[in-house]
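Visitor: After the structure tokens below, expect a handful of questions from me.
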Amino acid sequence: MDTARGAAQAERSANQVACLRFLADADEARTVGAISEGTGLSRPTVHAVLDDLLETGLVEAGSPATAGPGRPARAFRFARETGLVAGVDLGPRGARAIICDLSGRRLGYAELAPERKADLSLIPRALEAAADSTDPGRAGRSIELGRLRAVGVGLPGVVEADGRLRASLAMPDLVGLPVAELLAKELEQPIVVDNDIKLAALAEQRGGAGRGYSDVVYLQIGHRLSVSIVLNGVIRQGRHRLAGELGAQRGMRWTRNAQRGQLVWSVRPTSAEVLSAAAAGDADAQAEVEDFCAQIAGRIATVLLVVDPEVVVVRGGALQDSGALLRPLTAAVEQELVFPERPPFVASALGREAVVLGAVGNAFDRCSSGIYGVHDYPSPWAHITHELERTTQ
């Protein structure tokens, strides 16, 4: 009896997901006939599913569709605006926040610099700024944060499974704080927290340069050098949440220009400026980039031989300058490998928004049942990352 009941419930959930996904991809109300044709479900089944979804508030009746004489057909739409999911990328230099509707479409976005030092108070402020951000489709109206159903947060450092920040060179004042618990009390919403670079890797794998691959290594060269790994479509955390924390080895320095985890350059102040100069033909910048790549190549090769990924996504500077890094890096790593098989090195597609997109996507992933009230509804990664498939970095 229990087996039969479980099978019936699983079929019911699968039918709900099929109908909801069909409506989520539509820009207008669709008839029962169109839903039946699009999902392959019978009309009676679609009617039953829609009755369930109407009760949850995820679907609402739209304007009746008329197609000739006779009784108007019933039409339904996904009520994507009834709930919101947000993501925040918090770092020492400020915060980025994004707010999406239930279909993953972006409604608000903001970047906020700290008044003095960045701390947890910047997160609700960034969310409020994103809610107040102008959008032509909203005619200047702010977003009601009371409709939030989950918030994802990205932090620099080692983040425990319960959302506590265990270690961080970038934000030492937050170390030891139960970040998820504190924010859940303040925002009165489920909060999911993870490492910023791991979230960037997840976003690139789900909807960026690593889309279509299950195993992805993500390498970021910015103020510091960071690595994260996605295996079988899942962030590799490790037993102690230390997977990818290569800088945690005592006495290990990635390069000569690494000082307490921060990269210090000679020809320009930042990595982005060095790469931009190298791409423009500056010989000194090109030489420094080539030397840098030669120094990190051995460590990268070790990661590749341990993981054997399908692709390596690299973020460093603006997309138009990516060749100045990818060419010498690929050549240097090839010198370290015996076997000819090696993954392609590709430029990040999501750039500086990868972390905040990963944060909101992680909230959808981790809180799906609470967000939708429907079991196994897939996170809307295609919509979350769609706007960033361009050259903005």
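The values are calculated or read from the model by the stated rules, or taken from the named source; none is laboratory data. Please read all numbers here as calculations on a predicted model, not as lab measurements. So basically every Cβ, Gly included, is an ideal-geometry build from the backbone, and we count neighbours across all protein chains shown. Heavy atoms of the whole protein, side chains included, go into the accessibility calculation; ligands, DNA and RNA do not. Shrake-Rupley method; radii C 1.70, N 1.55, O 1.52, S 1.80 Å.
Visitor: Quick one: is Val159 open to solvent by less than 40 Å² (accessible area, probe 1.4 Å), closer than 27 Å to Gly57 by Cβ, at pLDDT 95 or above and β-branched (Val, Ile, Thr)?
Guide: No: the conditions fail for Val159.
Visitor: Additional query: Among Leu145, Leu155, which is under 26 Å from Val312 (Cβ atoms), among the aliphatic types (A, V, I, L, M) and out of contact with any His (no Cβ under 8 Å at 6 or more places or on another chain)?
Guide: Of the residues listed, the single one that is under 26 Å from Val312 (Cβ atoms), among the aliphatic types (A, V, I, L, M) and out of contact with any His (no Cβ under 8 Å at 6 or more places or on another chain) is Leu155.
Visitor: Could you identify the single residue in Gly238, Gly281, Gly261 that is free of Cβ contacts under 8 Å to residues at least 24 places away in the same chain and under 30 Å from Gly361 (Cα atoms)?
Guide: Gly238
Visitor: Filter the stretch 60-85 for residues that are touching a Pro at 6+ places or on another chain (Cβ under 6 Å) and at pLDDT below 90; which is most open to solvent (accessible area, probe 1.4 Å)?
Guide: Among residues in the stretch 60-85 that are touching a Pro at 6+ places or on another chain (Cβ under 6 Å) and at pLDDT below 90, the one most open to solvent (accessible area, probe 1.4 Å) is Thr66.
Visitor: Tell me which residues, restricted to the stretch 40-59, are under 17 Å from Asp376 (Cα atoms) and either modelled with pLDDT of 95 or more or open to solvent by 60 Å² or more (accessible area, probe 1.4 Å) (or both).
Guide: Once the filter is applied, which keeps residues that are under 17 Å from Asp376 (Cα atoms) and either modelled with pLDDT of 95 or more or open to solvent by 60 Å² or more (accessible area, probe 1.4 Å) (or both), the stretch 40-59 yields only Thr56.
Visitor: Given the options Ala8, Ala26, name the one that is within 17 Å of Arg80 (Cβ to Cβ) and surrounded by fewer than 18 Cβ atoms within 10 Å (Cβ to Cβ).
Guide: Step by step, each of Ala8, Ala26 is checked, and only Ala26 is within 17 Å of Arg80 (Cβ to Cβ) and surrounded by fewer than 18 Cβ atoms within 10 Å (Cβ to Cβ).
Visitor: Further question on the same structure: Looking at Gly233, Gly244, Gly298, Gly208, which is the one that is open to solvent by less than 30 Å² (accessible area, probe 1.4 Å), under 19 Å from Gly351 (Cα atoms), touching a residue at least 24 places away in the same chain (Cβ under 8 Å) and not β-branched (Val, Ile, Thr)?
Guide: The unique qualifying residue is Gly208.
Visitor: Scanning the stretch 325-370 for residues that are closer than 17 Å to Ser271 by Cα and at pLDDT below 95, which turns out most open to solvent (accessible area, probe 1.4 Å)?
Guide: This residue is Arg352.
Visitor: Kindly list the number of the only condition in (1) open to solvent by 30 Å² or more (accessible area, probe 1.4 Å); (2) of a type outside the set (D, E, K, R); (3) part of a helix (DSSP H, G or I) that fails for Pro269.
Guide: (3)
Visitor: Which one of the conditions (1) within 20 Å of Arg105 (Cα to Cα); (2) of a type outside the set (A, V, I, L, M); (3) free of Cβ contacts under 8 Å to residues at least 40 places away in the same chain does Arg30 fail to meet, given that it meets all the rest?
Guide: Tallying (1) within 20 Å of Arg105 (Cα to Cα); (2) of a type outside the set (A, V, I, L, M); (3) free of Cβ contacts under 8 Å to residues at least 40 places away in the same chain, Arg30 fails exactly one: (3).
Visitor: Ok, one more. Of all residues in the stretch 81-96, how many are acidic (Asp, Glu) and not in a strand (DSSP E or B)?
Guide: Total meeting the criteria: 1.
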